[in-house]
Structures are given as structure tokens and as C-alpha cells.
Amino acid sequence: MKPIGVFDSGVGGLSVLAALRAELPHERFVYFADTAFAPYGERGDAYVIERSRKVTEQLIAGHGIKALVVACNTATTAAIHLLRAEHPALPIVGLEPALKPAVATSRTGHISVMATRGTLASAKYAGLRDSFAGTASIRAVPCDGLVKAIEGFDTQAISALCARYMAEAGPFGDATGEVDTVVLGCTHYPLVKNQLQRHAPPTLRFIDTGAPVAQQTRRVLAAAGRLSGGEGGLILQSSGDRSALEAAAARWLQISPQGTTAASA
Ligand code: DGL
């Protein structure tokens, strides 16, 4: 069976990959980190569309992938409709900030969404947010610089930015008018959830999209008759420094791939 392609601007999609591997242990995955061209989130749609197209084409040509998971909110927002139109035979799963479960479970009705500037400025996000108008108060917190700090494993910058953006996302609590739920609307952010949690009461709920995306991928594969029963596997590829991706996979997720290769897209 052919592998499933998964891509992100960098290491963030590893948080989705972990959920995919847990949900679909018999699948083979090719994870592509577009590190040489990261971050996507502060660069505008044209750039993200061009990179998403190139990476998708490379995953198809190089691996004959049977499905694609766009493990990046920013790329999903900017490019998934084009990727689907250009590759109609390829099942493509994307993700978006998990507002629906956040609104459904928030008791105070006050939610903050941490995401890239690109995601939060998009028409797709505005439509999603507006669908909850009158039901919940939803505050956008664009986290400029946080993806770059995570990519560079710059612990000082990660710590300072987590403190700054959590201050903007609050005040937290369970009283009227307080935020009780934070949506992690960028796949990099679950990797620093422990750091974010330091600036919040233990009751604050963080919601990300890893598990629901993995379940959706299973449904999509089943509907297409493409579920594998074989041995699982993982290849890591990067347009940048492959060893940095391997180190990130080991550091963040204890993932150790069967084979890793360099690639340029
Ligand atoms: N992980 C990407 C996302 O989910 C990060 C985008 C970026 O590179 O800035 O939006």
C-alpha cells in the first residue's frame, strides 16, 4: 500500500502526525517539513499557495501518496481548495481552528484562539468565527514569532512569547466574562503546551485538532477503500536541515523514523 503524505511548514505538523500514527498504526506516512521556507503564517496567501502546490506535487511524484493531510492551519486556509481542484483523485484532509468543540464545551462562552496572523486574517476563519456570532465571544490572538522560535528551538524566545500571548489571551477563569478555553489554531503550538500552561490556571482547557483530524483521515481512507492492514512506517523529509527535523521528532514526540531522506521542493 502507498503511504499517506503529511506536510507542514516545519515541525508543527508532527503534533498531527503523532495523532495519525496512534489512530492508524498500520499506515505508512511520509512527513514533509518545508523548513527552508518556514514560517508560512506571516507571509501572505500567494507564498503559501505556491509552497503548498510544490510540496504536494513532490509527495505525489516521489511517493505516489494515496492521501494527503495538510497538517497546517495556514496552508489549509490558503490552499486546500486549490489542491483539491488540482488533484481530484487524491483524498485531501485539512484542518482549521477547533472552534466548534470549544464553543460546545465552554462554560463561560469566552474563548481565545491562538493562531498565525495568516490564519486569523483569512476569509475562511472569519466565516467560521461568524458562524458562532451571538453564541460565544471569540478573541483572536495572532502569535507572531512563535513558530520561528519553535522551529529554532529557541527556548528563551519560546518562554517569552508564550508569556506574552497568554497574557493577551486572558483573563482566564470560570467566572462570567473570563476565558475558560483556548484553541490552539496552529499545529506548532501543541508542542509548547506545557509552556503555555504555566501562565494559566489548571482549569483552563486547551483544544487542538490532532485527534479529530486523525479520525477524519480514517473515515476518508475507509470511504475511498484505501485503509492499509500492513505494517506501519514513517519517512521524514525536509526542504531544510534533515537532522534538525529528526532531532525535533525525537525531542517533541519520541518519534524515530525507519528511514529519513533529504528533499527539495
Ligand atoms: N503549523 C502551521 C499552522 O498550523 C504554522 C504556520 C507557519 O509556518 O507560520 O498554521
Which whole-angstrom value gives the distance between the alpha carbon centres of segment 153-182 and segment 196-258?
24
So how much slack lies between Lys2 and Ala22, counting 0.36 nm per residue of separation and subtracting their Cα-Cα distance, in nm?
5.4 nm
If the viscosity is 1.306 mPa s and the temperature 10 °C, what Stokes-Einstein diffusion coefficient in µm²/s follows for segment 123-261 when Rh is the Kirkwood radius over Cα pairs?
89
What is the spin-label model distance, in nm, from Phe153 to Glu86 if the labels are put 7 Å beyond Cα along the C-beta direction?
3.2
Which order do the peptides 46-58, 65-77 take when ranked by the mean count of other beta-carbon atoms within 10 Å per residue, highest first?
65-77, 46-58
On the first, second and third principal axes, largest extent first, how far apart are the outermost C-alpha atoms of segment 132-185 in Å?
39, 21, 12
By how many degrees, between 0 and 90 and to the nearest 10, does the Cα long axis of helix 14-23 differ from the longest principal axis of the chain?
70
Rounded, prolate or oblate for segment 34-76? Axes are the square roots of the Cα gyration tensor eigenvalues, ordered a ≥ b ≥ c, and the cut-off for rounded is a/c under 1.5.
prolate
Around Arg219, with a cut-off of 15 angstrom between Cβ atoms, what is the net charge of the other residues, counting Lys and Arg +1 and Asp and Glu -1?
+1
Measure of compaction for the chain (Cα Rg per 2.2 N^0.38 Å)
0.97
Taking just the C-alpha trace of segment 104-154, give me its Rg and Dmax in Å.
13.3, 40
Quantify, in whole percent, the carbon and sulfur part of the accessible surface of the chain (1.4 Å probe; protein heavy atoms only).
52
Angle check, please: helix 210-223 long axis (alpha carbons) against the longest principal axis of the chain (alpha carbons), in degrees 0 to 90, nearest 10.
40
Residues other than Gly233 with Cβ under 11 Å of its Cβ, Lys/Arg counted +1 and Asp/Glu -1, net out at 0
For segment 1-139, how big is Rg over Rh, using alpha carbon atoms and the Kirkwood form of Rh?
1.00
Angle between the Cα long axis of helix 242-253 and the longest principal axis of the chain, 0 to 90 degrees, nearest 10?
50
When a/c reaches 1.5 or more, the comparison of a/b and b/c decides; with that in mind, is segment 44-125 rounded, prolate or oblate per its Cα gyration tensor?
prolate
Hey, what's the chain come to in accessible area per residue, 1.4 Å probe, Å²?
42
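The values are calculated or read from the model by the stated rules, or taken from the named source; none is laboratory data. Computed from a predicted structure; not experimentally measured. Using ideal geometry, Cβ is built from the backbone for each residue, glycine included, and neighbour counts are taken over all protein chains shown. Heavy atoms of the whole protein, side chains included, go into the accessibility calculation; ligands, DNA and RNA do not. Shrake-Rupley method; radii C 1.70, N 1.55, O 1.52, S 1.80 Å.
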